[in-house]
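One structure below.
The values are calculated or read from the model by the stated rules, or taken from the named source; none is laboratory data. It should be emphasised that the depicted structure is a prediction, and the values quoted were computed from it without experimental measurement. Quick reminder, even Gly has a Cβ in these numbers, built from the backbone with ideal geometry, and neighbours come from all protein chains shown.
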Amino acid sequence: MQVARAIAFYTIMSITAVIFGVLGILMPITPYRFRSRFFISFNVVMLWALKYVCGVSCKVRGQENLPQDQAFVIMAKHQSSWEAIFFQWFFHPTSIILKKELLKIPFFGWGLAQCRPIAIDRSNPKEALKKVKTYGQKRLSEGNNVLVFPEGTRTPVGQTGTYARSGADIAINAGAPLIPVAHNAGVYWPMKRWVKNPGVIEVSIGAPIPTEGRTSKAVTEEVKNWIENEVAKMSGKA
C-alpha cells in the first residue's frame with residue numbers, strides 16, 4: 001500500500017511540476033509577489049498530496065513566536081525534503097539557501113529560481129559564505145524571510161550535523177530576529193527513501209534567539225542546543 005501511495009505521490013508531483021514549469025514561462029515579467037505566490041502553489045499541491053495520498057500531515061506549535069512586523073531568519077533542522085517544501089510555504093515570502101545545481105532541474109528548478117533563492121556553489125566555500133551574507137541581508141531588506149539549514153545537508157534521524165554560522169551571521173549583521181525551528185520530518189519522509197511513512201510531523205517554533213552584542217559562534221551554539229533538545233523530545237529521548 002505504501003509503495004502504491006508513493007508512486008501516486010510522485011506521479012502527481014511530476015505532472016504538477018511540468019504544469020507549473022510551462023505556465024511559469026511568462027512569470028518573470030510579473031511582479032515578484034505575484035509570481036512567488038504562483039509558484040508557492042506548487043508546494044500547496046505537494047502538501048495536499050502528502051496528506052491525502054501518503055497519509056503524512058503535520059502539526060505546528062509556537063506560531064506566536066513569529067515576528068509580525070519585520071522579516072526574520074529561520075534556522076531549521078534538516079532531515080528530509082519535506083521541510084524545504086513546507087517551510088517555503090509556511091514562512092512565505094521566503095528565500096531559501098540552496099545548492100545552485102537544484103536550479104538546473106527541468107520545470108522544478110525553473111520555478112524555484114524565480115522565488116529569489118540564495119543559490120551557492122558548495123565547491124567554493126569561501127565564495128559561498130560571502131554570497132550568503134550579502135544576499136541574505138539583501139533579501140531581508142526586500143521583505144523576504146531567509147531560510148537556513150545550518151547543517152548544510154540532510155542528516156539521518158537521531159544524528160546531528162555540524163551547524164554552520166551563516167544564519168547567525170546574517171541575523172547579527174542585519175539586526176533581524178533569529179527563529180529556531182525543530183521538527184521530526186525524517187521519521188515520515190526518510191532521507192534517500194521514496195516511500196513515505198504515514199503519521200503526523202511535529203514542528204516546533206522557538207522564541208527569537210537574542211543576537212545583539214553576541215558572536216555568531218555563541219548564537220549558533222544556542223540555536224543548535226535548542227533545536228536538538230526539541231528533536232530529542234519529539235523522539236522521547238529527552
Legend entry - Odd one out for S216, checked against (1) under 19 Å from the mean Cα position of the chain (by Cα); (2) surrounded by 15 or more Cβ atoms within 10 Å (Cβ to Cβ): (1)
Legend entry - Only one of T134, T153 that is part of a helix (DSSP H, G or I) and either under 16 Å from the mean Cα position of the chain (by Cα) or closer than 30 Å to P31 by Cβ (or both): T134
Legend entry - Any pair with Cβ under 9 angstrom, 6 or more apart, that starts in segment 24-40 at a residue that is exposed (fewer than 11 other Cβ atoms within 10 Å of the Cβ) and ends at one that is among the aliphatic types (A, V, I, L, M): F34/M27
Inset, instruction - Please identify the pairs in which a residue from segment 199-212 that is modelled with pLDDT under 95 has its Cβ atom under 9 Å from the Cβ atom of a residue that is buried (at least 21 other Cβ atoms within 10 Å of the Cβ) and in a loop (DSSP other than H, G, I, E, B), counting only partners at least 6 apart or on another chain. - result: T211/A176; T211/P177
Legend entry - Boolean, S80 is surrounded by fewer than 16 Cβ atoms within 10 Å (Cβ to Cβ), of a type in the set (S, T, N, Q) and touching a residue at least 12 places away in the same chain (Cβ under 8 Å): no
Legend entry - Scope segment 51-67; condition farther than 22 Å from V219 by Cα and surrounded by fewer than 16 Cβ atoms within 10 Å (Cβ to Cβ); matching residues: K51, Y52, S57, K59, V60, R61
Legend entry - Residue list for segment 205-238, filter: of a type in the set (V, I, T) and touching an Asp or Glu at 6+ places or on another chain (Cβ under 6 Å): I209
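Every residue, every condition in (1) over 25 Å from L50 (Cα atoms); (2) among the acidic types (D, E); (3) in contact (Cβ under 8 Å) with a residue 12 or more places away in the chain, yes or no:
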residue	(1), (2), (3)
P125	yes, no, no
R139	yes, no, yes
P177	yes, no, yes
R193	no, no, no
A218	yes, no, no
Inset, instruction - Name the single residue, out of those in segment 214-230 being basic (K, R) and in contact with a helix residue (DSSP H, G or I) (Cβ under 9 Å, 6 or more places away or on another chain), that is nearest to I172 (Cα to Cα). - result: R214
Inset, instruction - Filter segment 101-127 down to residues that are at negative phi and buried (at least 17 other Cβ atoms within 10 Å of the Cβ), then give me how many there are. - result: 12
Inset, instruction - May I ask you to verify whether S95 is within 28 Å of T211 (Cβ to Cβ) and in contact with a Lys or Arg (Cβ under 7 Å, 6 or more places away or on another chain)? - result: yes
Inset, instruction - Could you figure out which of (1) under 18 Å from the mean Cα position of the chain (by Cα); (2) within 27 Å of T155 (Cα to Cα); (3) hydrophobic (A, V, I, L, M, F, W, C) isn't true of V3? - result: (1)
Inset, instruction - Considering only residues that are in contact with a Leu (Cβ under 8 Å, 6 or more places away or on another chain) and part of a helix (DSSP H, G or I), look in segment 111-131 and name the one that is nearest to F42 (Cα to Cα). - result: L112
Inset, instruction - Determine whether segment 163-173 contains at least one residue that is among the small types (G, A, S), on the phi < 0 side of the Ramachandran plot and in a loop (DSSP other than H, G, I, E, B). - result: yes
Legend entry - Meets criteria (more than 21 Å from P177 (Cα to Cα), under 18 Å from the mean Cα position of the chain (by Cα) and in a helix (DSSP H, G or I)) for L140: no
